[in-house]
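Here the structure comes first, spelled out in structure tokens, and everything after it is commentary.
The values are calculated or read from the model by the stated rules, or taken from the named source; none is laboratory data. Just so we're clear, the structure is a prediction, and the values are computed from it rather than from any experiment. Reconstructed Cβ throughout: ideal geometry from the backbone, glycine too, with neighbour counts over all protein chains shown. For accessibility, only protein heavy atoms count, side chains too; no ligands or nucleic acids. Shrake-Rupley method; radii C 1.70, N 1.55, O 1.52, S 1.80 Å.
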Amino acid sequence: MRLDKYLSNAGIGSRKDVKNIISSGRVTVNGTPVRDSGFHITESDDVVCDNNAVSHHEFCYLMMNKPRGVITATEDASQKTVMDLLPAGMPNGLSPVGRLDIDTVGLLLITNDGVLAHRLISPRSHVKKVYYVKTDGALSAADVDAFASSITLKDGTRLLPAALSIDENDDHAGYVTISEGKYHQIKRMFAARNNRVVYLKRISMGPLSLDESLPEGGFRELTDDEVTLLKEI
Ligand code: URA
């Protein structure tokens, strides 16, 4: 791998930042200063930047607690995106995995590991996603049964069975587990039951659960254990 890509993937800075860092002689490979961004690095090389060893993380995996009011996209001409919430100098190629609506909050994975991202959102993977939902109308046992047997959306699309469990303290709230990811799926499921979603938060995706200590708009890197679990999907 090229030295600039290696440093950028390790979170040292954007590709442009690391090119400047390399050309100013701040990086050594196996003890020798290297000023060539295209220098080829192998797994066994010792890379040091500003006297700090740079460990090899080929990919970056972030968990964000998405806030309301930002769109799930890498860039947009008029609206703020989730990527605008990340500081400068993050590794290249990061993208959100899947989509949350502008008014949906909660767990959003952001990574530059395209293979894993593709696997997580592929309809064939049936990765389970759990949402906490608040609704305008009260939820009933009939809703639970309808979700379990299969909802047919107003446009005629028949969905896979899903699980709805009503919050025991609030019959206008509950948890929904789905294993597909159609456009506005949760809102359309409740619309099919003549109800309306007033609050939607994703709390898990496959083995990954939202870290509730993250404020809305906050993010952190996944732990190695979390990455390992995701790769088992
Ligand atoms: N379903 C929705 O309706 N919206 C989301 O953001 C996610 C799932």
Wholly enclosed strands (runs of 3 or more DSSP E) of the range 107-189 bearing at least 3 residues within 16 Å of the ligand (Cβ to nearest atom), under 18 Å from residue 209 (Cβ atoms) and touching a residue at least 40 places away in the same chain (Cβ under 8 Å): 129-135, 173-178
Test: residue in the range 137-160 that is within 23 Å of the chain's Cα centre (by Cα) and either surrounded by 13 or more Cβ atoms within 10 Å (Cβ to Cβ) or over 20 Å from residue 98 (Cα atoms) (or both): no
Single unsatisfied condition, residue 78 versus (1) open to solvent by 70 Å² or more (accessible area, probe 1.4 Å); (2) in contact with a helix residue (DSSP H, G or I) (Cβ under 8 Å, 6 or more places away or on another chain): (2)
Considering residues of the range 60-75 that are closer than 23 Å to residue 228 by Cβ and in contact with a helix residue (DSSP H, G or I) (Cβ under 7 Å, 6 or more places away or on another chain) only, the residue surrounded by the most Cβ atoms within 10 Å (Cβ to Cβ): 64
Output for the range 122-136, where each listed residue is exposed (fewer than 15 other Cβ atoms within 10 Å of the Cβ) and of a type outside the set (S, T, N, Q): 123, 124, 126, 136
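Please work out if residue 99 is open to solvent by 40 Å² or more (accessible area, probe 1.4 Å) and within 12 Å of the ligand (Cβ to nearest atom). Spell out the reasoning first.
On the way: open to solvent by 40 Å² or more (accessible area, probe 1.4 Å): yes; within 12 Å of the ligand (Cβ to nearest atom): yes.
Considered against the rule, which asks whether it is open to solvent by 40 Å² or more (accessible area, probe 1.4 Å) and within 12 Å of the ligand (Cβ to nearest atom), residue 99 comes out as yes.
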Given (1) surrounded by 15 or more Cβ atoms within 10 Å (Cβ to Cβ); (2) over 19 Å from the mean Cα position of the chain (by Cα), number of the condition residue 106 does not satisfy: (2)
Boolean, residue 210 is under 23 Å from residue 138 (Cα atoms) and hydrophobic (A, V, I, L, M, F, W, C): no
Number of the exception - residue 197 against (1) open to solvent by less than 40 Å² (accessible area, probe 1.4 Å); (2) within 16 Å of the ligand (Cβ to nearest atom); (3) under 24 Å from residue 80 (Cβ atoms); (4) out of contact with any Ser or Thr (no Cβ under 7 Å at 6 or more places or on another chain): (4)
Scan of the range 202-233 for residues that are open to solvent by 60 Å² or more (accessible area, probe 1.4 Å) and assigned to a helix (DSSP H, G or I), ordered by number: 224, 225, 228, 229, 231
Total residues in the range 54-64, condition more than 14 Å from the ligand (Cβ to nearest atom) and outside any loop (DSSP other than H, G, I, E, B): 3
Residue count, the range 1-51 (criterion: open to solvent by 30 Å² or more (accessible area, probe 1.4 Å), part of a strand (DSSP E or B) and over 16 Å from residue 112 (Cβ atoms)): 5
